[in-house]
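A quick write-up on the structure given underneath.
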Amino acid sequence: MLVLSRRENESIIINEDIVITVVAIRGDKVRIGIAASKDVPVHRKEVFEAIKEERMRAAVAAAKLQMRAVSDEVYEAIEEREREAAAEKSQQQTKSTGTTPTSPPLE
């Protein structure tokens, strides 16, 4: 970590496009002004941590939804394959015996 000393109204420049200025010093509090382009997000650490946490929760929720959708698709594909296999078996029985197989009685 780079540690610099600055007095009131003195600045630090980062990457030629971010200027951090000590605006005021009052007791144990330092007011800082930050000049940066609008596409550079600037947050207090506690706000940034909350944003990160919310993004993580949203990503987990989206992943769960996606997994649920994939699971539904897999289940539907398995059911479709089972129906196709049953129809194929029925056709083979019809060809070999010349009769249509009967369905088992419902319970």
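Any chance the stretch 8-27 includes a residue that's more than 24 Å from the chain's Cα centre (by Cα), in a helix (DSSP H, G or I) and of a type in the set (S, T, N, Q)?
So far as the stretch 8-27 goes, no, none of its residues is more than 24 Å from the chain's Cα centre (by Cα), in a helix (DSSP H, G or I) and of a type in the set (S, T, N, Q).
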Residue 4 fails exactly one of (1) part of a strand (DSSP E or B); (2) of a type outside the set (Gly, Ala, Ser); (3) more than 36 Å from the chain's Cα centre (by Cα), namely (1)
Give the stretch 28-68 a look and list any residue that's within 21 Å of residue 9 (Cα to Cα) and charged (D, E, K, R), or say none.
28, 29, 31, 44
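Quick grid of which residues meet (1) in the same structural domain as residue 13 (by TED's automatic domain parsing); (2) on the phi > 0 side of the Ramachandran plot; (3) β-branched (Val, Ile, Thr); (4) at pLDDT below 90:
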site	(1), (2), (3), (4)
35	yes, no, no, no
50	no, no, no, no
53	no, no, no, no
75	no, no, no, yes
81	no, no, no, no
89	no, no, no, yes
100	no, no, yes, yes
104	no, no, no, yes
107	no, no, no, yes
Residues that are in a helix (DSSP H, G or I) and loosely packed, with under 10 Cβ neighbours inside 10 Å, drawn from the stretch 31-56
45, 46
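The values are calculated or read from the model by the stated rules, or taken from the named source; none is laboratory data. The shown structure was predicted, so the numbers you read here are calculated from the model rather than taken from an experiment. Quick reminder, even Gly has a Cβ in these numbers, built from the backbone with ideal geometry, and neighbours come from all protein chains shown.
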